[in-house]
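Q: Would you mind keeping the following structure in view while I ask a few things?
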Amino acid sequence: MISRNYRFCPAGSCDIIDMRDKLKKEELIVKKIRVLCLALVLSALNVPAAAENAAPVRDGLSVAADGRGGLSVAADGRGGLSVVADGRGGLSVVADGEEYPGEVRLIEDTAYVALREFASFADEPAVEWNGETREATVTTADLTLLASPDSRVLSANGRYLWCAREVFADEGVLYVPLRQLALAFGYTCVYEAGPHRVVLERFASAVPPVERAQEDVYWLAKIIEAESGGESFLGKLAVGWVVLNRVASDEFPASVRDVIFDRENGVQFTPTANGAIFGDAGEESALAALICLDNPTASPDALYFINAARASNFWVPNFCTYLFSIGNHDFYR
């Protein structure tokens, strides 16, 4: 738990996630997480390797590693996507000045397109479906993209694109959130409320690979584990985004490590005072750090969080604006 002027809570659990937890019996095939360079990251963080064909399960999120170099975060069930409405809901999609001819599904505030159809519109792809891993691979001259049903992450040229909603399959067609899929194929994506349309403009043949500073991955995974080791995967992501929002703010230091160890107005993160920051990070925390670094603006407003049940000082709720709660943490700006 953190504040601008005070420290609030004891560190979160630093227990290493038990990679030997088994998926439910009815899941005949383990959904794979393919993590780019994750072995190197985990080695740097002193995290033991995962057991073969095993995955921890937390709040419906399953994680497994198979060393193929991609990523998938799978959720049990469709997370609210079981009812899919056909039609665009009046939404139009314009790509480089021309109306997108393919199918568009609008689910609440998220536009979906069919993966193969959009890929064929944007480029000349090879699309393959692996029935064993339930994963689609799209390959072009400049892009390798991986997508799985029930996942909120697309792996595109080694970058992990976090989606507002899960990818889902319907009658043999894989539907992907338009914003992240467009980015993977090198489009900017802007929603215009007046005409109720999405405007895509191509800036590259594909999203470029990202270069992550190893020090940033290391310290971000450490603070995520120390502050939210017992929280859900979304809770871990939220903590990571608070750190990155501070890095981007003029009110705080300009690097991940400096934000974490910032003491200009008192201890900002309790684990830096009680030593929990130096404990080992679990695989989920390392994974959350990678996703946060690849999607630094996914939750742009939160700068503070507090565990009200454990707090001894309430400066944050008294002087900041409440945004949302995940698990035991309330987030503020």
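Q: Can you pull out the residues in the range 260-281 that are in a strand (DSSP E or B) and either free of Cβ contacts under 8 Å to residues at least 12 places away in the same chain or within 17 Å of Ala213 (Cα to Cα) (or both)?
A: Scanning the range 260-281 gives a single hit, Glu264.
Q: Does Phe269 satisfy being over 17 Å from the mean Cα position of the chain (by Cα) and either assigned by TED's automatic domain parsing to the domain that holds Leu106 or surrounded by 24 or more Cβ atoms within 10 Å (Cβ to Cβ) (or both)?
A: Taking the combined requirement at face value, the residue satisfies it.
Q: Quick one: which residue in Val190, Val153 is among the aliphatic types (A, V, I, L, M) and over 13 Å from the mean Cα position of the chain (by Cα)?
A: Val190
Q: Considering only the range 182-207, how many residues are touching a residue at least 12 places away in the same chain (Cβ under 8 Å) and in contact with a strand residue (DSSP E or B) (Cβ under 8 Å, 6 or more places away or on another chain)?
A: The qualifying residues number 18.
Q: Restricting to strands (runs of 3 or more DSSP E) lying wholly in the range 93-162: which have 1 or more residues that are farther than 23 Å from Ala298 by Cβ?
A: Per the criteria, 110-114, 126-130, 135-139.
Q: Oh, and also: The conditions are (1) surrounded by 15 or more Cβ atoms within 10 Å (Cβ to Cβ); (2) closer than 30 Å to Glu211 by Cβ, and Cys320 fails exactly one of them. Which is it?
A: Condition (2) is where Cys320 drops out.
Q: Something else now. Here are some conditions: (1) closer than 30 Å to Phe121 by Cβ; (2) in contact with a helix residue (DSSP H, G or I) (Cβ under 8 Å, 6 or more places away or on another chain); (3) of a type in the set (A, V, I, L, M, F, W, C). Val247 meets all but one. Which one does it not meet?
A: So Val247 meets the others, but not (1).
The values are calculated or read from the model by the stated rules, or taken from the named source; none is laboratory data. Please read all numbers here as calculations on a predicted model, not as lab measurements. Heads up, the Cβs are rebuilt from the backbone with ideal geometry, glycines too, and the neighbour counts pull from every protein chain shown.
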